Each structure stands twice: as structure tokens, then as C-alpha cells.
Amino acid sequence: MTAGPARRLLLIDDHQILIDGILELLSKVDEVNVTATASSAEQALSLISNEQFDLVVTDIGLPGMRGAELIAELKKRQPGIKVIALSMHEEQHIVKDALKAGADGYVLKKSTHHELEEAIRKVTKGEVFVSAEVTKMLIDDVKYPSIISQLSDREIEIIRLIVKEYTTKKIAEELFISDKTVESHKTNIFRKTGTSTLVGLTKFAIAHQLVEQSH
């Protein structure tokens, strides 16, 4: 029994088999009514620019746009919308990126259907929901910090630009900081990651999902 009309939900995933499975699951959840689906970030942003939604459930591993960027853009276009991130990844920096971008929930794809239902119910009430396994991982990371957790947000930002082969000067211009500051960050990045070359840093960034691997 619901307290009001079902929320209009947009479902985003680039795998039709997953969309079909989630649609079947959500058909049993009274709180929501899936009114549209999208298979890419571009299609989703086009839909959200022309239709009003209350909730978005989205894969954050879509090609072409980082999950955090998509979440931030969804929130920008419809500030009141609730967003639940679906992901295969439980690395703390990916979770943190999604939550910082405005995600109201973070559910692992391998989690039970019950967790997605619970996430929808909590998020529609204004609460935040994070999968149990992710919560444990975040707690463990506080107790036993990983290499990634020792990198600052700025350092991760610079790693992404280094991997794109930006020069020190171009990074400085992009981030509105001095060349000297960039070089200082780069020194710290190579020390913390245990790398000394662009190739080594690129491998590190790909292994830790800091950047998308080109196909």
C-alpha cells in the first residue's frame, strides 16, 4: 500500500538483459512506475531534458561518460530528482565519486533484488542507501587505508589528465593552478602510487578504475 502516487522512474543501462530483469523486479514495487528506459548517457540526458522524473536508477559504467559526471548532470537538469547508482564496482573512490556527485543510493549489481527494493523505498523517503557490502568496504578502508584513499581528490583529477597525456602546462591551465603546483602534485602522485613513468601510472589508473580503458 502506498502513501501516494507512484514515482516516475527512469531506468538507465546499456545491457538490455539487465533492463529487462530490473523492469520485472520493479513491476512488483508499488512505490515506482518505470515510465522510460535509456541505454546510454546521451539518451538519458535527452529524456530528462524533456520529461519530468522523480527517480533515476542508473548503471554508472556506461560508455562515453563517467558515472559521477552523469549523476551530477542529472541533478543539474532536475535538482529535485533522486538517483540510485547501480554498479559492479565496490572500490571506495568510485563510491565516493558517485555520492559526492549527488547519488542518493549506491547498489551493487551482484546484490540481492531485495537491496534494490529497499534502496528505492529509502531514497524515495529522502534517506540515503548504500549496499551492505559497500558499507563494510568503506569501514574497512577507514581502518586499513588503501593506496587510493591516500590520494587527494586533486591528485586523482591530475592523474586522469596525465593519463590523457596533458602536459604540465596544460594541466595547470585546466585546473587554474601554477606549473610548480602541478609538478609538486605529480611528485606526490608518483611516490604514493609507486610508479615512475607515464606507462606505469596509466596501468595503475586503469587497474584502480580511475580512468576508462580504451577499447
Loop only per DSSP, at most 13 neighbouring Cβ atoms within 10 Å: give me the GluC sites (Glu not before Pro) in region 93-127, ordered by residue number. E127
Taking 0.36 nm per residue of separation and subtracting the Cα-Cα distance, what length does fully extending K170 through E157 add? 3.4 nm
Which percent of the accessible area of the chain is formed by carbon and sulfur heavy atoms (probe 1.4 angstrom)? 53
Which option, [x] 15.4; [y] 12.3; [z] 13.0, is the value of mean projected area of the Cα convex hull in nm² that was calculated from these coordinates? [z]
Check cross-link reach from K28 to the lysines: straight Cα distance under 19 Å, and skip same-chain residues fewer than eight apart. K109, K122, K125
Trypsin sites (Lys or Arg not before Pro) lying in DSSP loop within region 145-192, provided at most 16 other Cβ fall within 10 Å: K164
Just to confirm the filter: which trypsin sites (Lys or Arg not before Pro) across region 24-87 are DSSP coil and have at most 10 other Cβ within 10 angstrom of their Cβ? K28
Residues of the chain: accessible area per residue at 1.4 Å, in Å²? 54
Counting each pair of different Cα atoms once, what's the Kirkwood radius of region 75-174 in Å, rounded to one decimal? 15.3
Using modelled backbone amide H atoms (1.01 Å from N, in-plane), which distant-in-sequence or interchain residues come within less than 5 Å of A38's amide H? L11, I12, D13
Fraction in percent of alpha-carbon pairs per bin - 10 Å, region 1-99: 15, 50, 31, 4
Protein chains only, probe 1.4 Å: how do S39, S87 rank by accessible area, largest first? S39, S87
Pairs of alpha-carbon atoms within less than 8 angstrom and 6+ residues apart define the contacts here; what relative contact order does region 48-206 have, in percent? 15
The alpha-carbon center of region 147-179 and that of region 15-49 are separated, in whole Å, by 35
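The values are calculated or read from the model by the stated rules, or taken from the named source; none is laboratory data. These numbers come from a predicted model, not from an experiment. Don't worry about glycine lacking a Cβ; one is built from the backbone with ideal geometry, like all the others, and counts go over all protein chains shown. These area figures cover heavy atoms from the full protein model, side chains too; ligands, DNA and RNA do not enter into them. Shrake-Rupley method; radii C 1.70, N 1.55, O 1.52, S 1.80 Å.
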